[in-house]
Amino acid sequence: MTDKNELAQIGVVGLAVMGSNLARNFARNGNTVAVYNRSPEKTHALIEAHGEEGNFVPSETIEDFVASLERPRKAIIMVKAGKATDAVIDQLAEAMDEGDVIIDGGNALFTDTIRREKDVAARGKHFVGAGISGGEEGALNGPAIMPGGPKESWETLGPILESIAANVDGTPCVTHIGPDGAGHFVKMVHNGIEYADMQVIGEAYQLLRYGAGMAPAEIAEVFREWNSGDLDSYLIEITAEVLAQKDPETGAPLVDVIVDAAGQKGTGRWTAINGLELGVPITGIAESVFARALSSSTAQRSAAQEGQLPAGTIKELDVDKAEFIEDVRRALYAAKLIAYSQGFDEIKAGSEEFGWDVDPRDLATIWRGGCIIRAKFLDRIRAAYDNNADLPALILDPYFKGELEDLIDPWRRVVVAATQLGLPAPVFASSLSYYDSLRAERLPAALIQGQRDFFGAHTFKRTDKPGTFHIEWSGNRSLTQTD
Ligand code: 6PG
């Protein structure tokens with residue numbers, strides 16, 4: 001139904017699949033939705049195909065669109081992240097009045113969101129960068145939403161977003177994350193965790209396929225079973241679907257027909273870059289980004305295959321298949337735990353750096369539904385932060401420590417097996433090194449400090465007394481205190 005005279009509670013700009021699905025979700029949940037797209041064909045198509053789902057107010061100019069919104073006006077931008085977003089923000093800010101709210105629902109880089117929030121605030125309007133997760137299906141049926149921006153705008157925006165968000169046990173999967181770029185930052189790290197989660201699932205598949213020699217359909221069954229335990233999650237569920245799928249053209253397992261070069265739009269890479277900038281070792285996420293990059297280095301890979309790099313001695317799997325499958329499940333669980341633990345570390349560091357005061361419990365709560373990384377064990381993560389909001393690391397929570405007791409030996413066995421089988425398992429292996437580094441009483445960092453002092457007089461601290469010291473390496477090797 002469309003009614004030009006009715007004012008809309010919310011507007012959507014940009015009606016590609018995500019935008020139109022979000023608009024339909026608003027409409028289906030009782031909101032009158034203003035809709036606008038630069039080329040009106042998309043607007044017409046939406047109204048024609050889905051106009052009966054609720055109240056839509058279509059416009060062909062941005063001015064009419066703005067005029068069709070009730071005050072304070074609220075408009076969500078769902079256009080391709082980048083320059084297009086800036087252009088639409090500018091148009092909206094021009095046409096809107098003081099106190100109106102512009103929401104960017106795309107995957108924007110949080111530093112852009114910080115900049116945009118400043119600019120829009122200077123023009124007297126509110127700007128909310130909101131991470132929206134769940135893909136096309138989530139946008140239509142209930143995404144997880146991570147809005148940043150001024151708390152004030154949450155007062156009016158909150159109920160509308162709650163009406164369309166996914167819902168777990170009566171709790172909507174949306175909450176105000178923090179000021180300016182906090183929402184997009186958290187969505188970025190969500191995506192980084194998503195990359196790591198997908199990669200560890202991929203590594204488990206690789207080991208079962210080429211280590212245990214299982215067929216994709218058989219592995220699909222294994223994943224189906226895993227989905228009823230600790231690993232219960234959307235990504236495990238869809239993995240089983242993908243592995244069970246046959247290519248409609250050839251009848252071969254679809255996974256064998258797909259080119260093994262993983263794409264990316266950049267959010268995982270941003271998470272890794274930001275981890276480096278903040279000095280947070282998000283090794284699982286970074287390795288996942290590198291794994292995608294390596295998979296896409298097709299020229300180098302075929303040269304390496306043709307040139308037959310020496311493989312060394314490759315061993316056959318010499319353990320019971322059922323035991324190996326269970327070991328791989330546990331290694332996957334452990335590596336996934338590390339990825340989440342590291343992701344929460346990055347959020348904590350980002351929150352401190354930018355003064356956002358992000359509550360990790362909020363994230364564990366809203367990520368339980370709607371989003372791509374939704375998983376049963378987020379309930380456990382929530383409980384962990386409920387017990388101790390200042391946990392030094394998620395894996396130090398008593399429940400997860402207990403889980404790791406059961407996971408650590410299988411995890412070590414799987415990393416050894418992968419090495420002996422000559423199969424890559426970058427996140428399984430590097431996460432284990434991360435874990436052992438955290439546990440280690442002494443790290444070779446002491447030696448690195450010695451080397452730095454040797455070639456650059458970079459000084460070092462001592463274990464037995466305070467101060468900063470240097471050895472006269474090129475002289476008599478005496479110790480001097482420099483601070
Ligand atoms: C989500 C997804 C979504 C999208 C990403 C990842 O939370 O709904 O993360 O944002 O799938 O863009 O895409 P890439 O794998 O292409 O980087």
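The values are calculated or read from the model by the stated rules, or taken from the named source; none is laboratory data. What you see is a predicted model; the values in this text were computed from it and never measured. Backbone-built Cβ (ideal geometry, glycine too); neighbour counts: all protein chains shown. Accessible surface is based on the protein model in full, side chains and every heavy atom, while ligands, DNA and RNA are left aside. Shrake-Rupley method; radii C 1.70, N 1.55, O 1.52, S 1.80 Å.
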Quiz item: If we keep just the residues of segment 85-98 that are out of contact with any Lys or Arg (no Cβ under 7 Å at 6 or more places or on another chain) and either within 16 Å of the ligand (Cβ to nearest atom) or open to solvent by less than 30 Å² (accessible area, probe 1.4 Å) (or both), which is nearest to residue 191 (Cα to Cα)?
Solution: 85
Quiz prompt | Selection count where residues are touching a residue at least 60 places away in the same chain (Cβ under 8 Å), within 22 Å of residue 368 (Cβ to Cβ) and crowded, with 22+ Cβ neighbours inside 10 Å, scope segment 108-141 | solution = 5
Quiz prompt | Residue that is farthest from residue 206 (Cα to Cα) [pool: residues in segment 424-483 that are assigned to a helix (DSSP H, G or I) and of a type in the set (Lys, Arg)] | solution = 452
Quiz prompt | Residue check, residue 88 in a strand (DSSP E or B), of a type outside the set (Phe, Trp, Tyr) and in contact with a strand residue (DSSP E or B) (Cβ under 6 Å, 6 or more places away or on another chain) | solution = no
Exercise. List every residue pair whose Cβ atoms sit under 8 Å apart, with the two residues 6 or more apart in sequence or on different chains, where the first one lies in segment 264-286 and is under 19 Å from residue 183 (Cα atoms) and the second, anywhere, is basic (Lys, Arg) and within 10 Å of the ligand (Cβ to nearest atom).
Key: 267/187; 268/292
Self-check item: Boolean, residue 166 is at pLDDT 95 or above, within 16 Å of the ligand (Cβ to nearest atom), over 15 Å from the mean Cα position of the chain (by Cα) and within 17 Å of residue 372 (Cβ to Cβ)
Solution: yes
Quiz item: Do we have any residue at all in segment 182-191 that's touching a residue at least 12 places away in the same chain (Cβ under 8 Å), surrounded by fewer than 19 Cβ atoms within 10 Å (Cβ to Cβ) and in contact with a strand residue (DSSP E or B) (Cβ under 8 Å, 6 or more places away or on another chain)?
Solution: no
Quiz item: Of all residues in segment 104-157, which are within 16 Å of the ligand (Cβ to nearest atom) and among the aliphatic types (A, V, I, L, M)?
Solution: 108, 109, 130, 132, 139, 140, 144, 145, 146
Exercise. Could you please give the count of residues in segment 255-271 that are more than 8 Å from the ligand (Cβ to nearest atom) and over 18 Å from residue 131 (Cα atoms)?
Key: 7
Quiz prompt | Some residue of segment 384-397 being in a loop (DSSP other than H, G, I, E, B), open to solvent by 10 Å² or more (accessible area, probe 1.4 Å) and under 21 Å from residue 328 (Cβ atoms) | solution = no
Self-check item: Single condition residue 207 does not satisfy, out of (1) open to solvent by 10 Å² or more (accessible area, probe 1.4 Å); (2) under 14 Å from residue 328 (Cα atoms); (3) away from the ligand (no atom under 13 Å from the Cβ); (4) touching a helix residue (DSSP H, G or I) at 6+ places or on another chain (Cβ under 7 Å)
Solution: (1)
Exercise. Could you grab the pairs with beta carbons closer than 6 Å, sequence gap of 6+ or different chains, first residue in segment 356-375 and of a type in the set (Ser, Thr, Tyr), second one more than 10 Å from the ligand (Cβ to nearest atom)?
Key: 365/382
Quiz item: Name the residues in segment 1-37 that are of a type in the set (Lys, Arg) and surrounded by 15 or more Cβ atoms within 10 Å (Cβ to Cβ), would you?
Solution: 24, 28
Exercise. Could you tell me which numbered condition residue 80 fails, if it satisfies all but one of (1) open to solvent by 10 Å² or more (accessible area, probe 1.4 Å); (2) assigned to a loop (DSSP other than H, G, I, E, B); (3) more than 15 Å from the ligand (Cβ to nearest atom)?
Key: (3)
Quiz prompt | Which listed residue is among the aliphatic types (A, V, I, L, M) and under 23 Å from residue 106 (Cβ atoms), from 15, 7 | solution = 15
